[in-house]
1. Of the residues Thr196, Thr211, which single one is among the β-branched types (Val, Ile, Thr), in contact with a helix residue (DSSP H, G or I) (Cβ under 9 Å, 6 or more places away or on another chain) and open to solvent by 10 Å² or more (accessible area, probe 1.4 Å)?
2. Show the residue pairs that are 6+ apart or on different chains and have beta-carbon atoms under 7 Å apart, the first residue being within the stretch 260-273 and farther than 10 Å from Ala55 by Cβ and of a type outside the set (A, V, I, L, M), the second being outside any helix (DSSP H, G or I) and open to solvent by 20 Å² or more (accessible area, probe 1.4 Å).
3. Tell me yes or no: at least one residue of the stretch 66-73 is modelled with pLDDT of 75 or more, within 17 Å of Leu146 (Cβ to Cβ), not hydrophobic (A, V, I, L, M, F, W, C) and not in a helix (DSSP H, G or I).
4. Any idea which of (1) over 20 Å from Thr196 (Cβ atoms); (2) modelled with pLDDT of 90 or more; (3) of a type in the set (Lys, Arg) is the one Arg117 doesn't satisfy?
5. Out of Arg160, Arg117, Arg130, which single residue is within 16 Å of Gly65 (Cα to Cα) and of a type in the set (Lys, Arg)?
6. Can you find a residue in the stretch 151-169 that is in contact with a Pro (Cβ under 8 Å, 6 or more places away or on another chain) and over 26 Å from Pro239 (Cα atoms)?
7. Looking at Leu123, Leu203, Leu131 in this structure, which one is touching a helix residue (DSSP H, G or I) at 6+ places or on another chain (Cβ under 9 Å) and outside any helix (DSSP H, G or I)?
8. List the pairs whose first member sits in the stretch 190-215 and is closer than 24 Å to Gln92 by Cβ and at pLDDT 95 or above, whose second member is open to solvent by 40 Å² or more (accessible area, probe 1.4 Å) and not hydroxyl-bearing (Ser, Thr, Tyr), and whose Cβ atoms are under 8 Å apart, counting only residues at least 6 apart or on separate chains?
Amino acid sequence: MNRIPALLCSILLAASAGWRATAQEADPPAEAVEDIVVTARRIEGPMWEIRRGDATLILVGSIDGLSRDMDWRTEALTTAVERADRVLFPVQGRASLADLGRVIWRARTLTRLPEGRTTADYLPPELEARLERVTGEGPSRTSLLLLSAELMERGGYARRERPVSDVVRRAARTNRKPAEPVGTLRGDEIIDRVLTTPPERYLDCMERAVTAAELGEAEGERRAEAWRRRRVAEVLASPLDQAVSACSYWVVMGQGPALEALWGQAVDQALAEGGTTVAIAPLRLLAQPGGLLDRLEAQGLEPLGPDWRPQPPAEAPGGAPIS
């Protein structure tokens, strides 16, 4: 596969568009908030409602790699955006033409391992053997950045995906709603980190990506169905979802705490401003242990929506866990 994977390219392409909604509508009357919440509860996919005083925050947990062909209802989500006061999107990259040119110029660095090296030089022997069984080839010279993306596609990550944020973005633009990302990243910063990150940083990513690939495309279908039906713990336990997380820009580049801080600040501000905010946030960031939902609950707030915590193992009559 001769392409730059979604890890980098999707950020740069979104950044080059540079879209941001700025026009505003008159605020809906206070009694419309109940209608928004009721409408949002019909959304397929995990959603939580948090209230503080006269502020209502609707958090929609998104995942990457959902197929464009997946059948899920978006009308309720679009309607909720139409009636909200503002919309928040995930972090947006901002790239210049010079940044995109630099990606093209350094394409070999992004797509190939250092000269004379193969995956066998970086992966433990057992993992290398598993990789070769999955691909049916010997040690690869493909960069671990690109190879991990190929493996996740074997595990059901859709190449032609349909991001949840795209549905919301169109609705916000059509209805001229105030909308903005929770933060931005400069294209040159992204490129510098990707180019200077050693292959060793991808070891956990590769182990999880190989596991997802071994399970095949059916794993992607199981993950997508669990997301659509709001089975949050099942989504987070999915080997494909764990691979997507481990191979993300934020994790590989060690920027996870920065992402959590950006979302924490954005949520605090939304709950302080009043009105109704619809926010499209990464599901794992919301629902992982110690994540944003746990943080809100610790503040005395009540996230209303599907249970996000893993269920404890069932116990046998004698009290021992059932394995």
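The values are calculated or read from the model by the stated rules, or taken from the named source; none is laboratory data. All values derive from a computational prediction rather than experimental measurement. Glycine also receives a Cβ, built like all others from the backbone with ideal geometry; neighbour counts cover every protein chain displayed. SASA here: full protein model, heavy atoms, side chains in, ligands and nucleic acids out. Shrake-Rupley method; radii C 1.70, N 1.55, O 1.52, S 1.80 Å.
1. Numbers: Thr196 fails: in contact with a helix residue (DSSP H, G or I) (Cβ under 9 Å, 6 or more places away or on another chain).
Criteria check complete, one pass: Thr211.
2. Trp263/Val182
3. So the first thing to find is which residues in the stretch 66-73 are modelled with pLDDT of 75 or more, and the list is 66-73.
Keeping just the survivors that are within 17 Å of Leu146 (Cβ to Cβ) gives none.
No, the stretch 66-73 has no match at all.
4. Here Arg117 clears every test but (1).
5. Details: Arg117 fails: within 16 Å of Gly65 (Cα to Cα); Arg130 fails: within 16 Å of Gly65 (Cα to Cα).
Going through Arg160, Arg117, Arg130 in turn, just one is within 16 Å of Gly65 (Cα to Cα) and of a type in the set (Lys, Arg): Arg160.
6. No, the stretch 151-169 contains no residue that is in contact with a Pro (Cβ under 8 Å, 6 or more places away or on another chain) and over 26 Å from Pro239 (Cα atoms).
7. Working: Leu203 fails: outside any helix (DSSP H, G or I); Leu131 fails: outside any helix (DSSP H, G or I).
The unique qualifying residue is Leu123.
8. Cys205/Val251
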